[in-house]
Structure formats: C-alpha cells, structure tokens
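The structure appears right after this line, and notes come after that.
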Amino acid sequence: MKEQRVVQVSTEHPSYAVCVVGTEISVDIYRSAPSGATSFDAEGTSGVKIYVASNPNAEKKPAGASRWPLSPEVEVVVSMGVPSSTLNDNKVRISYYGPIEDAPIEGAWLYLTCVNVSLDADTSRSGRVESNGTNKTEWTWGPDGQGAVLLVNCDKDCDRDCHDMDSASQYVRSSADLQDMSLMTLRVQGPTAVFDACKLVLHVSESDVDKVGVFHDSGNNSISQYRHVLGMNKQSYVVDATGRQQDTFYIEGLVFPDADFSGLVSFSVTLLEVSEQNKPDTPLFTDTVVFRVAPWIMTPNTLQPLEVFVCSIETDANPNGDFLEALRALVRKANCKLTVCPEVENRQDRWIQDEMEFGYVEAPHKIFPVVFDSPRDRGLKDFAFKRILGPDFGYVTRVSSKGQVSSLDSFGNLEVSPPVTVRGKGYPLGRILIGSSLPRSGNMKMTKAVTDFIYAQKVQSPVELYSDWLTVGHIDEFLSFVPAPDGKGFRLLLASPDACYKLFKKKQREGHGQAAQFAGLETVETVTIDDMLDDETLRSDNNYAQSCIDLNRQTLKQELGLTEQDIVDIPQLFQLNGSEADAFFPDMVNMIVLGKHLGIPKPFGPIIDGRCCLEENVRSLLEPLGLTCTFIDDFFSYHALLGEIHCGTNVRRKPFSFKWWNMIP
C-alpha cells in the first residue's frame, strides 16, 4: 500500500474522510492533542484496520488495545479493504490520556467512507480486461511482461464516402471501428452520495493528448452514443460516477512510435474532493494505467505470401503484358491473390516495390495489415491511400522534412531479414535492412523521417548497408532471402561477380567459350564467354562491385549472426556507368519469393547443350532447398529500365505467429 494523504483529527468536532480501497490514510493525532495528554489509543469499527508506528522507520503494528506515547514521531495509519454501504459508516476514535488518569481526558472522531476506484485495461495481454490489475503503471517487455497494448486506428472501416483513416475522425464510424480500439474500464464501488462532494476526472498528459483518442460508452446500444472525451484538444473528462458501477472506454492510437514519441501513453483517473469558494479541488487518489502503441512490423520473404501486387503498363515504350501473363501463372502455383494496378492509376509508374512496403500491427485482441507508403511519390503516389487503405487494412506514411527525396528513399532499399540470433541475442521478428552510403560518397541516406520511424518501432532493430555504389542504390539489387528446410530456416542470397566468373571460366575450359550472352534477344548485341572473360574493363568493374558486396557480406554476417553456410552466391555481373554500377544482365537476386516458388529474372545466359548455363547453375544452388525456380523474361519491361522482378512487384504476407510484446528489444 502507498500512503494516500494526511487527515487531521480534532477533539472539538468530528472529522470526515473518503478512503479508497487499497490505500492508506495517515492520521495526524499530535496537533489536535489536548493539553496535558501524554499517550493515546486508537480503535475503529470492524471494517477499519489501524496501525501505529513509534517512529517513521519503525514497523507498523496493529493498534489493538495498547496505549502509545504521544509524540510527533508516532504515526497512525488507517485503511479499509471493503467499500462502504452508506456514507460515514465506519469510524475511528482516538482517545487521549494524561500521565495519571486511567480514563481518557478527551477524544477525537474520524468518520470514514470507503470507495473502490480502479482504472483497468488488458495489462496481462490476454485479450481480457482484468479488474484491479497490478503493475499497471509500468510497461515491461518479455513473456513475463505486463502492460496494455494500443493500436493506431489507421484503417478505414467506414463506407466509401469517408476519405481518410478512422483516426482522423472524432466519431466512431461503425461497430468494426470499435474492434480496432483497446478497452479500458473504470470501476467505482461505494455510496453514490460520496460524489456530492467528490468527482472523478479521467485525464491524459499534455504531451500525449495528440497521440490518442478516447470514446466513452454511454450504454444506449447505438454508434452515436460513443462520445469522444479525450485526445486531440481534450485533456480531461469528468466522469459521472453516480449512475453505474462501471464505465467502458474505447481507446485508439493516433500516431505510431517515432523519434519524438516512445510509444508509451498513460491514462489516469483522479478522485477529487470538490473545494468551496473557487479554491482548487483536492486530489484524494489517482489510479494510472500505461499502454504501449503497437509497432509497425515488416514481413520477410520467409513468411507465407497472401497477395501479390503488380502494375499493368500498356502504352509505354516498354509494355509488360507478357511479363504479367508469366507472373499470373506463378501466382496461381503459389496459391496467392493477384492485384493488378491499372495504368490509369499507376500513371506509367511500374516500380510498385519502391512505392510501398507491407507490414502489420497487432494487439492481443486484433491484428491487421498496414501498408507503409514511401516518400518517393511518383506515379503511384496515391495508390496505397486510395486503393489499399480500407476496412482492416491500415496506412502509414512519412515525408521528407526537406521536401526532397533521393533514390535511397524508395522501398526497394528497405528489406527485412528472417528471425535471427546474434551473439546470444534473439531477433524473433528479424532485422530491418536499410541501404545507405559511405561518407566519401556524400553521406546520402534514406530520409530521416523514414529512418526515425523505423528505429522507433524497436522490434526489428535496423542494420544499415552500403547500397549507394549502385546507380539506383537499392539493396534488393544485391541481396534476397529464401526459405530453407534446414539450418536457420533460410538462406541469404548475394549477387556474386566472383561466382559468375568462376562459372564462365569453367564453361570456357569445357570448350564453350563461344557460347554467347543475350542470345535470343532481338536488338541486343551478344557477347561470348571468351569476350567477357577477356574484357579487362568489365573485370575491373566487377572487382569493384564484388568489393562492395563483400563489405556488405561482412556486415550481414556480423549483424545477422550468419556463417558462410547460410549464404548462397548467385552468379551476377555488373558494369559501371560513370562511378555507379548497373546489372550487366538481368539481376537474378532481384526475385519474387512466393513460398517455395521463386520468380527469377531470366538472365539470357550462354546456351550450352540447349540450356542457359546461368539458369542451370542457379537451379543447382536453390532446388536442393526444396525451391522451384521459374525464370521470367523481364528484360525490356524492367531490366532495360534499371529494375527487375522484385522492383516491379510487391507481396503482402501472413504476419509472424510470434507476439512482438514477448521479445526483449
């Protein structure tokens, strides 16, 4: 129990106090003591517990029938464990004694009314609100942690006439809207007459008032009865506690954790004694419960695919009709849904991976996907908000504070690993990977608004990689992850010029030096294995590319806890365009991963014995893992425009089964 407040008693008139179940009142018996008094005793009715300590550091003992020396160091504490039935139905008598007399020389009376006030939420994360929960004021991580969870109400459960997320409204739009909110209950027990002189105020701190919305359930079974009482510009709300024992509140998050917001929000209810003559009210008791706003969680390639997104490009000089047909066949094999963004909506912007990233939010009572819209804002800038945001499908975005973005701000430059353990520390939701630059290249980075957001989510501790050596500058140009049946449950795929040269040298030794790259592609000049191996400029370009990939390889091994057995080198060549690199032939690591089905850019490698030697090599590396390799021609529809299949597609995946609050960041 914590000490609640001090109440002074008087021998001249009775004193009155409201006591809250589970709290203590310190009774000041010294200042009211009559002249000549040297000792006292304290007795109360059956519902009152009385303790006395001879000094502040002494153990409190039950008052019993003992007399205690009267001293300013002596402390009398009273508490009650059951709410009162009527006003002032419990009392305490302090009897004062002189040095000689056995009978009291005077007495003081304290009348008590006990109430129970409890603000509660799902602090055990069980999906149910628990009455009089413990440790409500602290939020702790881990399987034994405590603390309630709050979702950002960033979907749109209303009809098509609504033009914004549910969180933008101060009204409950539908019963489905309520399901996205977290419950909080206020329970009050005791005589209602207490509230003739007291009031209950629900409040949130000034720093948090713009981060939450709270609706009060008035209980008349209609959507309109949910009154917006806290949040935005409303910091406090007086609760009418005279009508019922329990009030229900629905809470929505308005913003995600970010650089200026830890994600923790506290709600408090305070019992106030109403003062007369315009004096400040006196706080008698405060109960507080803490919520954490659920983070946005990104999903890796190893999770089950649910829906594939792609753009249709018909009128451009590089249409993708044939590519779409091949992708449809692959998606059918993977048993996924395919959503095609028509040209009227994509405005000839085919790079749907760069525009957005899929993730989700989760609380014990609800989970739904959330699309993260990048600040790149090209032709697809309205697609996520206008077409994906909807019932149980949320939306979040960040924009550059400087109003300028670079290629590094596209979300092909944002990936996430599968779950890993690094030097004994677990990352059960994986680690987000962000492409960046080296200081010597101007120190370009993904816009701070995006990286601040990603770091603030806490649960997928980011790793920065070096991607600015590429013309486009995206990490999906040199890495990918695929599921595996053994080891860590996945493999990291890295583009490898060394592996490509090793393969081509082997084919040259076998007498296939005249086999040509790009054979079968009209308007593309072929080049033989002999010519590629003799091209010193190409070799120099790829030595540089390999050094950049090796730098990232070491970072990935260190930050993801990988060994060489966890990495598969995929043959790939690059060529420099000025000081930056492009894929020399379609970049095979830039693939779409749909369970065991891989959609890989067709490399148009040298044909040997009727088969592409690059394709055969990749099959030999990946098919033993139980994966099926489908090579799709994206040469003119994507590769010629400096992108590949992954750049031109996007995948919504099933969320993790692991609950984020059970981890320790």
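Kindly identify region 280-403 as rounded, prolate or oblate by the Cα gyration tensor criterion: order the square roots of the eigenvalues as a ≥ b ≥ c, call it rounded if a/c is under 1.5, otherwise compare a/b with b/c, prolate if a/b is larger, else oblate.
prolate
With axes computed from alpha carbons, what is the tilt in degrees of helix 497-509 against the longest principal axis of the chain, rounded to the nearest 10 within 0 to 90?
Computed tilt is about 30 degrees.
Rounded to the nearest Å, what's the spacing between the alpha carbon centres of region 86-152 and region 358-403? Just the number, please.
Going from one Cα centre to the other spans 44 Å.
I'm spelling it out carefully: the read-out is Cα extents along the principal axes in Å, the candidates are [x] 109, 57, 47; [y] 122, 52, 42; [z] 79, 57, 52, and one was derived from this structure. Which label?
Given [x] 109, 57, 47; [y] 122, 52, 42; [z] 79, 57, 52, the structure-derived one carries the label [y].
Under a straight-distance cross-link criterion of Cα-Cα below 12 Å, which aspartates and glutamates are reachable from Lys211, leaving out those fewer than 8 residues away in the same chain?
Glu252, Asp258, Asp260
Using a cut-off of 27 Å between alpha-carbon atoms, which lysines can reach Lys91, once sequence neighbours fewer than 8 places away in the same chain are excluded?
Lys2, Lys49, Lys60, Lys61, Lys199
If each residue of separation counts as 0.36 nm, what is the full-extension length gain between Asp164 and Asn318 once their alpha-carbon separation is subtracted?
Answer, rounded to one decimal: 52.0 nm.
Sorted by packing (mean other beta-carbon atoms within 10 Å per residue), highest first, where do 408-415, 191-198 land?
Top of the packing list down: 408-415, 191-198.
What are the aspartates and glutamates whose alpha-carbon lies under 17 Å from the alpha-carbon of Lys507, with same-chain residues fewer than 8 places away excluded?
Straight-line reach from Lys507, under 17 Å: Asp498, Asp530, Asp531, Asp534, Asp535, Asp609, Glu615, Glu616.
Compute the long axis of helix 536-560 from its Cα atoms, compare it with the longest principal axis of the Cα atoms of the chain, and write down the angle in degrees, 0 to 90, nearest 10.
Tilt of helix 536-560: around 20 degrees.
What GluC sites (Glu not before Pro) in region 446-511 are in a loop by DSSP, with at most 14 other Cβ atoms within 10 Å of the Cβ?
Here the sparse-neighbourhood loop sites are Glu510.
Can you tell me the order of 46-53, 516-523, 448-455 when each peptide is scored by its average per-residue count of other Cβ atoms within 10 angstrom, highest first?
Most protected by this proxy first, the peptides run 448-455, 46-53, 516-523.
Pairs Lys156/Lys234; Lys502/Lys602; Lys425/Lys448; Lys156/Lys488: which are spaced more than 30 Å apart, C-alpha to C-alpha?
Lys156/Lys488
Taking 8 Å as the Cα distance limit and 6 or more residues as the minimum spacing, I'd like the relative contact order of the chain as a percentage.
Normalised by residue count, the contact order of the chain is 11 percent.
Taking the Cβ of each residue in Glu580, Glu101 as the centre, tally the other Cβ atoms inside 10 Å and list the residues starting with the fewest.
Glu101, Glu580
Between helix 321-333 and the chain, what is the angle of the helix's C-alpha long axis to the longest principal axis, kept within 0 to 90° and rounded to the nearest 10?
60
List Thr447, Thr421 from most exposed to least, where exposure is judged by having the fewest other Cβ atoms within 10 Å.
Exposure proxy ranking, most exposed first: Thr421, Thr447.
Read-outs throughout are calculated quantities, based only on the coordinates presented, and are distinct from any laboratory measurement. Please read these numbers as outputs of a predicted model, since none were measured by experiment. Counting neighbours? That spans all protein chains shown, and the Cβs are built from the backbone with ideal geometry, glycine included.
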